[in-house]
Structure formats: C-alpha cells, structure tokens
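The values are calculated or read from the model by the stated rules, or taken from the named source; none is laboratory data. If you're wondering where the values come from, they're calculated on a predicted model, not measured in any experiment. As a convention, Cβ positions derive from the backbone with ideal geometry for all residues, glycine included, and neighbour counts pool all protein chains shown.
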Amino acid sequence: MTKIFKPAFAAAAVSLALFAQGATAAEEQFFPIIGYRVGPYGANGQSLFGGFIDYLSYVNLKEGGVNGVKMTWEECETEYNNAKGVECYERLKGKAKASAGPIHPLSTGISYALIEKASADKIPLAMVGYGRTDAVDGSVFPYAFPLVTTYQMQASAIVKFIKDKEKGNLAGKKVVFLYHDSAYGKEPILALEAESRLNKFDLVQIPVAHPGNEQGAQWLKIRQEKPDYVIFWGWGVMNQTAIKAAQKVGFPRDKMIGSWWAGSEEDTVSAGDAAKGYMSATFNVSGKAVPVVADIEKVVYGAGKGNLQDASKIGTILYNRGISMAILSVEAIRKAQEKYGKGKAMTGEQVRWGMENLNITEARLKQLGATNLLPEVKTTCDNHEGSGKVKIQQWDGSKWVAVSEWLEGNKGLIHPLFQASAKQYAKEKGITPRDCAKEK
Amino acid sequence: MLYREAGQFKTTYAADQQLFPIRQDRLGVIALLAIGFVGVPLFASEYWFSAILIPFLVFSLAALGLNILTGYAGQLSLGSAAFMAVGAYAAYNFQLRVEGIPILVTFIMAGLTAAGVGILFGLPSLRIKGFYLAVATLAAQFFIVWCLTKFPWLSNNSSSGVISTQKMFIFGHEFDSPREKYLLVLSIVVFLSLAAKNMVRSSTGRAWMAVRDMDVAASVIGIRLMPTKLLAFAVSSFYCGVAGALYAFCYLGSVEPDGFSLELSFRILFMIIIGGVGSILGSYLGAAFILLLPIFLDIALPFFANLFGLPFSTATVSHIQVLVFGSLIMFFLIVEPHGLARLWQITKEKLRLWPFPH
C-alpha cells in the first residue's frame, strides 16, 4: 500500500513546491471587490463592476500589469446589504494582507460601516461619488477617500450651472430640492441651504419616501410652488417616476437637474419620451468616443476576457464610471510603486499613500486615453476629494450629451462644512487629527 | 443509552426546580458555555468573530425578544427591527449626551427606552388580535424609521442620518478588538437568555402562555390581560432594544435608520418560525439557520463549482443561494412545522429510548 502511494506523494510535494515558487515569482496586486450584481440595484452594479474589472483586465493584457505587477481580484456579493458587506469585507481582508487595491463598496451604508474597520486594518477605502463626504478632510480620515467629488460639491456645482444660465443672478428665484428621503438624499441639504443664503434664492425641500414609485403629491406641490428649477436627488426606480411625473404636470424637463445617480441610461430609457431634455450632473462622460473605452472593447473583449455578459452596456454612463474608478485605483498603485519600489505588490498602507498623492493631470489623462472621461484629480492630505468638478449632461432622446465644461462647486463655501463635520467626528471618536503640514 | 435519566433521583425541591433537570442537559450547557467563553476565543479567527459569531448572537437575542412576544404571549409583531433601531439610537444618544455614563448602563437604558416605546405600540393589542395587531405593529415599524430620519437631533444632526457609535469602555478598559466585543456580547446574551428561560417558567411566563392559548379563559381564571400583554411587549422590546444597541456598537459600528427596515423585521420573524415559536432554544437555532446558511452556501457553492469545473459567477452563486435557501425553508416547514427546536426535542425523546425503542 505505502509503496503505491509514495511516488504519488512525492509528485504531489514537487508540484506543490513548484506551485508555491510560481506564486512568489510573479508579483500580484490583489483587489478585494465588495460589489453587487443582484438585488435591488443589481443592474447598476453589473455595469459598474463590469467596467471596473474590464479595466483591470485591460491593464493586465495591454501592459502586463503595472510595471509587471499583475492585477488580481476576487468578488464578493453584498446585494447592497450592509451586514453582507461587512461579512464580505471580513472574508476578503485576510487575502488583502500582502497587497490590497482600494475597496469600492458602491454603497453609502457599507462604506460607513467599513470606515473604521478599514482604517484599523490599513486598507484604503475609496468612495467615488458617494459615502462619507466629510472624509474629504484626510487629517481625520487617513484611509477613506471620497474621490473626485462629493454630493455637497455637486449640489454647489449644479447651483453654479443654473446661476450661469440665469446670467449670474439667482436672487428671488425659487428652487425645489426633490430628494430620496434617506442618507443619500439628505446629504446635500446643508450645502444647498448655504448656497441659498449666499445667492438669495428660495429653497423648497420636498422628500420622497423610498422607493419613490409614487410621487403624485410631491409633483402637485411642485406645480403649486412654480419653481424655476428642480434639483433632483433620486435613485433607482424613483428617477424614471419623477421624470414621467414632471411630464404629467407639465414641468419642463430642461429645468430639472438630477444628481449623478439620477443620470444614467437606466433612468432615461425607461422614462421614454418624457426624458428628452432632462439634465443631470456627472463626473464621467458616456459613450465609446473616449479612446480608452474603445480600446477596452477591442483588447479585452477581443481576447474574450470581457466581464460584461451584455456587451451593449459598454460605453454607458455607469460602465464608464466603473472604468474611471479603476483608473483612479490603478494610478494610485502606480504612484505608490514610484515611492516604494517599481514592480512590487503594494500593501494597503502603501496604496493609501498613493491615493493621497494622486496627480492625474490633463496630460496624464491623455496618455491613458481618458481625456474628458473624468476631470483632473490631485489629492493631498487635507483634500481627499481631489477635484470637486462635474459636467452637466442632457438626454437628447437617445444618448447623454455633455452641455457644460467641468464645473467646480464653491469650495470656499463647502469645504469648511466638511472640516467642521470631521472635527466633530474626531471629537466623538477621540481621534487626534494628523498634522497635514508634516505629511509627505 | 447516552441520554437516559434513569438513576437521577431528585430529593429536594431545589433539584426538582432547577433550570435543566436532566444531568446530561446540564453538562451539555456547561460544556457549551465553556466552549463559548474559552474555546472559541482561543481558536476563532477575526472573520469568525466579526462576520459570524457576533451577528449570530445579536440576532439570537432579537429573535429571543420576538419569541417572548409572539411565541409565549401570542402577540404577532412586525416591528422588531424598529425596536432594535430605538435601542441603537437610544444607546448612541445616551453615550453622547450623558457625560461618563458606563456602557453597560447605556445598554440597559437603551433596552428600557425600547421597552417604553414597545408599551406604547403594544396598547392596540388590548383591543385587536392576530393579523390586525400585526398591522398595528407595522405602524411602529414605519413610524420609528420615519421619526429617526425626520428629527436630526436623534442622530446628532448628522447630515445623512447615519450614526457612528462611540468607543466602549468598561472599568477603563477599551473593548475594541473583535474578540473582546464577542465576549461582551456573549456575556450579555447568556445573561439575558438565562433571565428569559427563568421568566417563561415563572408566573409571568405562565400568564403569557395562558393569554396566548385563550385570552378569555385566561381572564376568567384571574389573569389581568392589560398588564400581562403590556409586560410582554415591554420585555420583548427590551430584548430587541439591547440587541439593537449591540448591533450598532459591537457589530456594524455605524447604522442608519433605513438599515432597520421591514425586511429585517421579517428576517427576525422567519428566525423564530424556522427555529421554533415558543422556544428559547428555537431562537438560537433559527438565527443560526437564517444567518449562517447563506454565508455557508456563499462559500461552499463556488468551492463545489470549482470542483466540478462549472463556470459560476458571483451573481449565479447569489441566485442559487436564494434558491437553495428558499427550498430548505420549505423543506423544514413541511417536515417539521414546529421548527428546528421541535426536531431537537424529538431527537432527545428518541435518544432516551435508544437502542431499545418500543
């Protein structure tokens, strides 16, 4: 008996040794992907994480990884549920010890639950366009990055856009803020109130209860108020309902400006004709005209390694947003490698440094083939946001068309709000903020 | 053979009245507690603590709370998650606004606050029963979540309504590692379970069961309905409130009102239906089933898929998981409508006769 087994054991041992060697020879950068493809927002997750993973594959195929370090990843399904998100995080964090790309939970609830944990485990948490916005103040939140822009800055940029439309004067105008009555919808209220004091316009706040598929009463109120503009903070099924309801009460859609989560093809196509002229903010453009998107379709889908089952989603707003998130992550790793050694896998701590010292200029975006896909991003210790710019886009009946340049919100007005909030958080939690002057 | 009580004579009233009259049960519980307090902390990994054990204990406690109300006192409730929310937000506000309040006192106060709210929403139970009462408690579910979103004071003016819990200190020692949190939760849950076990066999518990089985008959034999029902609501909400506080402080660390949705209430209700209505053990079994089975499937399915070379994506796994989970619930409800606790009871009875069944 033993005689038969001995060679088998030897073979197994040898192959195991070879395997182990193989694993150490090539450096790999691991991405814990805590995402969702089923559940209430599964359709959004499919496009977004599809784009994210496609870009990682693209980096592997096109340039053999970042300086030779291949990107690897493992997905865990959260179904947009906070408890599941925490479970996924705990499951994947063991694998993220040696090297960790930033986590993108794509859920405000989950990112709130992970902020402290991620900071304790030294894994950077990226919240691109959602999440805890006062984490802009990196002195209190070293591991949390609300990259590119935040709800408050977005609200401020939208106000700027309508102010430009009204030739620089909003005094006496009336703006309705119609929002999803949840953490997400309430986030910009403080910023809008500050803007209304500054620009002397009337702000009327109208909440819509989740999920928002019944808005008759709200739109009746809007008709009575006769506002000049409606700023609209919707999510999921609420978006198309609002657009249809606006048509019903005869409110012009081109006076209605949604947030970036109320401005994807999923929202407008299902609203049909009613959506024509509807506008929304966005921090990335749609379409395949962006060189990197076209190249991903060619390289990744050409090699049969695409992540999307439905390739028609390539070039949609959310798919391109997934690519933008991946670009930011990969650039952070590149930056970290410059400091900690090229061709090495970066730990979460090192990637964190990379994210805090991002400098994605227009020239760099051009090299990446991502000109105009997203705005320039330059982060520092006391500014984890890095940009604060959005574009306003308009639905022309079949696609989104950008109708403005990159608009920056009123930083002088908004950022002090973040700092005050972060200070309160630090006090509650007994955190001593880092001295940003000493960080490098 | 293993489980026979022959030869165990009870010679005192104390021995006759003890919690676990059979020696094997007693030893079993002691062994379980020893494993829980000593074995698990020695060997479990961080993942086990934060993702499996702590939520399991917290939800067991919430299920236990609902079981007291629904299983023992017979009052159907769909508001358990809301009472958890009251507990979580109350604990946060007590920590925030009362200087130097000990964390354990905070948890008790959170429970008491939830109990107060529970009594308020229990008032309709004096007039209405069954499904109609369920609808009344549904009002609690929606009202409380709305209230927490509506009044910013409750979340300390957080712009999003999300609260982030404070650090926990007991006698100057900070409970921050998952292991310490687990031990804290375990101690509280064990203490409250023992209290519940005793409560349901006291005159209070017997009064609850009498009301459950037939309230007219109960009132005829001299049980006052109002205090009995309201007490059930109070105790049940107290348990849910403490569970909510632990959920916020020891498990997630930050909660938002929307997290305590109707869906969560249903989950807790399913826990006691699967586990066993009117059984303390059932609350634990149900929580384990509802909470741990999906995680187990989530980990096991990709493994088997790899083994057989099937191309499973995470989305497919998620779909299959729901499928398997749903069919298992149906299977258990058909095979044993009285829940997992009843299965355990049958096993015990069989074991007593084994190996000589008649």
**Message:** Checking the conditions here, which among B:187, B:177 is within 30 Å of residue A:183 (Cα to Cα) and loosely packed, with under 15 Cβ neighbours inside 10 Å?
**Reply:** B:177
**Residue in region A:383-440 that is farthest from residue A:232 (Cα to Cα), counting only those that are in contact with a Phe, Trp or Tyr (Cβ under 7 Å, 6 or more places away or on another chain) and basic (Lys, Arg)** = A:389
**Asked** When the residues of region A:231-269 are filtered to those that are closer than 22 Å to residue A:128 by Cβ and of a type in the set (Asp, Glu), which remaining residue is modelled with the lowest pLDDT?
**Response** A:266
**Request:** Test residue A:308 against the stated conditions and say whether it is of a type outside the set (Phe, Trp, Tyr), closer than 16 Å to residue A:293 by Cα, part of a helix (DSSP H, G or I) and not assigned by TED's automatic domain parsing to the domain that holds residue A:198.
**Result:** no
**Item:** Criterion (among the hydroxyl-bearing types (Ser, Thr, Tyr), crowded, with 24+ Cβ neighbours inside 10 Å, outside any loop (DSSP other than H, G, I, E, B) and within 12 Å of another protein chain (Cβ to nearest Cβ)) met by exactly one of A:58, A:112
**Value:** A:112
**Message:** Just to be sure before I move on: is residue A:347 among the polar types (S, T, N, Q) and not assigned by TED's automatic domain parsing to the domain that holds residue A:244 in the structure I sent?
**Reply:** yes
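Residues checked against (1) out of contact with any Cys (no Cβ under 9 Å at 6 or more places or on another chain); (2) within 21 Å of residue B:53 (Cα to Cα); (3) among the hydrophobic types (A, V, I, L, M, F, W, C):
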position	(1), (2), (3)
B:168	no, yes, yes
B:176	yes, yes, no
B:189	yes, yes, yes
B:193	yes, yes, no
B:199	yes, no, yes
B:205	yes, no, no
B:213	yes, no, no
B:220	yes, no, yes
**Asked** Condition test on residue A:305, is it more than 17 Å from residue A:54 (Cβ to Cβ) and among the charged types (D, E, K, R)?
**Response** no
**Asked** Looking only at region B:253-311, which residues are within 11 Å of chain A (Cβ to nearest Cβ) and either outside any helix (DSSP H, G or I) or buried (at least 24 other Cβ atoms within 10 Å of the Cβ) (or both)?
**Response** B:253, B:254, B:255, B:256, B:257, B:259, B:260, B:261
**Request:** Would you confirm whether any residue within region B:172-187 is at pLDDT 95 or above, within 30 Å of residue B:92 (Cβ to Cβ) and among the polar types (S, T, N, Q)?
**Result:** yes
**Fill in**
Counting only residues in region B:151-169 that are touching a residue at least 60 places away in the same chain (Cβ under 8 Å) and hydroxyl-bearing (Ser, Thr, Tyr), the one surrounded by the fewest Cβ atoms within 10 Å (Cβ to Cβ) is identified as B:164
**Request:** Please go through region A:381-416 and pick out each residue that is assigned to a helix (DSSP H, G or I) and surrounded by 20 or more Cβ atoms within 10 Å (Cβ to Cβ).
**Result:** A:414, A:415
**Request:** Please list, ordered by first then second residue, the pairs with beta carbon atoms under 9 Å, 6 or more apart or interchain, first in region A:171-188 and facing chain B (nearest Cβ under 10 Å) and hydroxyl-bearing (Ser, Thr, Tyr), second surrounded by 24 or more Cβ atoms within 10 Å (Cβ to Cβ) and in a strand (DSSP E or B).
**Result:** A:184/A:233
**Request:** Would you be able to say whether some residue in region B:49-60 is within 30 Å of residue B:128 (Cβ to Cβ) and either touching a Leu at 6+ places or on another chain (Cβ under 7 Å) or within 14 Å of another protein chain (Cβ to nearest Cβ) (or both)?
**Result:** yes
**Complete:** Conditions (1) within 21 Å of the chain's Cα centre (by Cα); (2) over 27 Å from residue B:261 (Cβ atoms); (3) surrounded by fewer than 23 Cβ atoms within 10 Å (Cβ to Cβ) -> residue A:266 fails only (2)
**Message:** Exactly one of these conditions fails for residue B:2: (1) touching a residue at least 24 places away in the same chain (Cβ under 8 Å); (2) in contact with an Asp or Glu (Cβ under 8 Å, 6 or more places away or on another chain); (3) surrounded by fewer than 18 Cβ atoms within 10 Å (Cβ to Cβ). Give me its number.
**Reply:** (2)
**Prompt:** Mind checking whether some residue in region A:95-109 is within 22 Å of the chain's Cα centre (by Cα), under 26 Å from residue A:234 (Cα atoms) and in a helix (DSSP H, G or I)?
**Reply:** yes
**Message:** Tell me yes or no: at least one residue of region A:219-230 is surrounded by 16 or more Cβ atoms within 10 Å (Cβ to Cβ), under 22 Å from residue A:129 (Cα atoms) and within 14 Å of another protein chain (Cβ to nearest Cβ).
**Reply:** no
**Message:** Taking the conditions exactly as written (assigned to a helix (DSSP H, G or I), surrounded by fewer than 23 Cβ atoms within 10 Å (Cβ to Cβ) and among the small types (Gly, Ala, Ser)), does residue A:194 satisfy them or not?
**Reply:** yes
**Request:** Run down A:376, A:405, A:385 and say which single residue is more than 18 Å from residue A:155 (Cα to Cα) and at pLDDT below 95.
**Result:** A:376
**Prompt:** In region A:110-136, how many are within 16 Å of the chain's Cα centre (by Cα) and among the acidic types (Asp, Glu)?
**Reply:** 1
**Asked** Within region A:83-96, can one find any residue that is within 13 Å of another protein chain (Cβ to nearest Cβ), in contact (Cβ under 8 Å) with a residue 12 or more places away in the chain, farther than 24 Å from residue B:247 by Cβ and surrounded by fewer than 23 Cβ atoms within 10 Å (Cβ to Cβ)?
**Response** yes
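A quick yes/no check of all residues on (1) without any contact (Cβ under 8 Å) to a residue 24 or more places away in the chain; (2) under 30 Å from residue A:115 (Cβ atoms); (3) outside any loop (DSSP other than H, G, I, E, B); (4) under 18 Å from the mean Cα position of the chain (by Cα):
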site	(1), (2), (3), (4)
A:277	no, no, no, no
A:321	no, yes, yes, yes
A:334	no, yes, yes, no
A:345	no, yes, no, no
A:351	no, yes, yes, yes
**Prompt:** Only one residue in A:151, A:143, A:184 is closer than 30 Å to residue A:123 by Cβ, among the hydroxyl-bearing types (Ser, Thr, Tyr) and modelled with pLDDT under 90, so which one is that?
**Reply:** A:184
**Request:** Would you be able to tell me the number of residues in region A:359-380 that are in contact (Cβ under 8 Å) with a residue 40 or more places away in the chain and in a loop (DSSP other than H, G, I, E, B)?
**Result:** 8
**Message:** So, in region A:326-366, exactly how many residues are surrounded by fewer than 19 Cβ atoms within 10 Å (Cβ to Cβ) and among the aliphatic types (A, V, I, L, M)?
**Reply:** 1
**Prompt:** In this structure, does residue A:70 turn out to be in a helix (DSSP H, G or I), at pLDDT 90 or above, surrounded by fewer than 23 Cβ atoms within 10 Å (Cβ to Cβ) and of a type in the set (Lys, Arg)?
**Reply:** no
**Prompt:** Scanning region A:115-135 for residues that are basic (Lys, Arg) and facing chain B (nearest Cβ under 10 Å), which turns out farthest from residue B:259 (Cα to Cα)?
**Reply:** A:117
